[in-house]
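**Q** Take this structure first; my questions come after.
The values are calculated or read from the model by the stated rules, or taken from the named source; none is laboratory data. What you are looking at is a predicted structure, and each value in this text was computed from that prediction instead of being measured. When we count neighbours, we look across all protein chains shown, and the Cβ atoms used for this are built from the backbone with ideal geometry, even at glycine.
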Amino acid sequence: MRACTRCPELVASRSQVVVGAGAAQADVLLVGAAPGGGEDALGQPLVGAPGGLIDGALAGVGFARTDVFVTTLVKCRPPGNRDPSPAEVANCSEHLAAQVELVRPVVVVALGGFVTKLLRGDLASIRERRGREEPLTLGDHAFWLLPAFDPGAALYTPALAEHLRRDLARLPELVARGRPKVTTSELSEPAPTAGEGQLELFAGDGEAVSR
């Protein structure tokens, strides 16, 4: 991932590739949209005040940052902290898929509407989906997708921060439930359309999904 040059604009503007951090194998994987300025400088995802909010919410239910794995859809900071483009998400989708296969999470937390819409493959609002887990599969790996508010947005709105803490408080329950069951036939069948239980990312020519 650190040697990736698929996105010329990101290669020109980044300080480094922010691959992710945490346990090599973890029950919980948190996915943000893209690194910001602090993440780009430090080479770590979810730093600063948003990272502190996540760390506090995790600690409240017995998880340390080192117990989980944190990453982003796109591993390089977009100029001006804009949302990643469809092509950039598509270029990085292979990297995220590899991380899911390696980390083997029981729960994948989608942080924010941008990430939730892309991982679910539809345009449902984060306010509609937050806190509502659903089973998804990637390759031969099944997991619960748990949408939650973006911690950056939650910093400025106490109600959103409380919803974020409440949703992350469900992690022990979902981990204890174990990953969703899928059969061999389900894995071998053609992929369903977006929103029907299959993780789908941009193929590179789709329209951008707004927050």
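**Q** Does Ala24 qualify as being under 20 Å from Arg2 (Cα atoms) and surrounded by fewer than 18 Cβ atoms within 10 Å (Cβ to Cβ)?
**A** It is true that Ala24 is under 20 Å from Arg2 (Cα atoms) and surrounded by fewer than 18 Cβ atoms within 10 Å (Cβ to Cβ).
**Q** What is the one condition in (1) closer than 24 Å to Leu10 by Cα; (2) part of a loop (DSSP other than H, G, I, E, B) that Val100 does not satisfy?
**A** The failed condition is (2).
**Q** Please identify the pairs in which a residue from the stretch 172-188 that is at pLDDT below 85 has its Cβ atom under 6 Å from the Cβ atom of a residue that is loosely packed, with under 11 Cβ neighbours inside 10 Å, counting only partners at least 6 apart or on another chain.
**A** Close Cβ pairs (under 6 Å, with a partner that is loosely packed, with under 11 Cβ neighbours inside 10 Å) amount to Leu187/Asp140.
**Q** Right, next: Give all pairs with beta carbons closer than 8 Å in which a residue from the stretch 115-141 that is small (Gly, Ala, Ser) meets a residue that is in a loop (DSSP other than H, G, I, E, B); count only pairs at least 6 apart in sequence or on separate chains.
**A** Gly121/Thr193; Gly121/Ala194; Gly121/Gly195; Gly121/Leu199; Gly121/Glu200; Ala124/Gly195; Gly131/Arg170
Matching residues to (1) closer than 28 Å to Asn81 by Cα; (2) of a type in the set (Ser, Thr, Tyr):
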position: Phe143; (1), (2): no, no
position: Tyr156; (1), (2): yes, yes
position: Glu162; (1), (2): yes, no
position: Arg166; (1), (2): yes, no
position: Pro172; (1), (2): no, no
position: Val175; (1), (2): no, no
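**Q** I would also like to ask the following. Give me the pairs: first residue in the stretch 12-29 and at negative phi, second residue of a type in the set (Val, Ile, Thr) and in a loop (DSSP other than H, G, I, E, B), beta-carbon distance under 6 Å, and six or more apart or on different chains, which are they?
**A** Note: pairs meeting the criteria are Ala26/Val68; Asp27/Val106; Val28/Val68.
**Q** Which number in (1) surrounded by 13 or more Cβ atoms within 10 Å (Cβ to Cβ); (2) part of a loop (DSSP other than H, G, I, E, B) marks the one condition that Tyr156 misses?
**A** Condition (1) is where Tyr156 drops out.
**Q** Can you find a residue in the stretch 129-149 that is part of a helix (DSSP H, G or I) and over 19 Å from Ala24 (Cβ atoms)?
**A** Checked against the condition, which is being part of a helix (DSSP H, G or I) and over 19 Å from Ala24 (Cβ atoms), the stretch 129-149 yields at least one hit.
**Q** Name every residue in the stretch 59-76 that is in a loop (DSSP other than H, G, I, E, B) and exposed (fewer than 14 other Cβ atoms within 10 Å of the Cβ), in order of residue number.
**A** Across the stretch 59-76, the qualifying residues are Gly60, Gly62, Ala64.
**Q** Going through the stretch 101-148 one residue at a time, which ones are among the hydrophobic types (A, V, I, L, M, F, W, C), out of contact with any Lys or Arg (no Cβ under 9 Å at 6 or more places or on another chain) and surrounded by fewer than 22 Cβ atoms within 10 Å (Cβ to Cβ)?
**A** Leu102, Leu119, Leu138
**Q** Considering (1) at pLDDT 95 or above; (2) in a loop (DSSP other than H, G, I, E, B), say which one Glu207 fails and leave the rest.
**A** Tallying (1) at pLDDT 95 or above; (2) in a loop (DSSP other than H, G, I, E, B), Glu207 fails exactly one: (1).
**Q** Follow-up. Anything in the stretch 106-128 that is part of a strand (DSSP E or B) and of a type in the set (Val, Ile, Thr)? List them, or say none.
**A** If the condition is that a residue be part of a strand (DSSP E or B) and of a type in the set (Val, Ile, Thr), then Val107, Val108, Val109 are the ones that fit.
**Q** With the checklist (1) modelled with pLDDT under 95; (2) crowded, with 16+ Cβ neighbours inside 10 Å; (3) farther than 23 Å from Ile126 by Cβ; (4) within 15 Å of the chain's Cα centre (by Cα) in hand, flag the one item Ser93 doesn't pass.
**A** Looking at each condition in turn, Ser93 falls short on (3).
**Q** A further question on this structure: It is to be established whether one or more residues within the stretch 74-87 are within 25 Å of Pro172 (Cβ to Cβ), among the basic types (Lys, Arg) and touching a residue at least 60 places away in the same chain (Cβ under 8 Å).
**A** no
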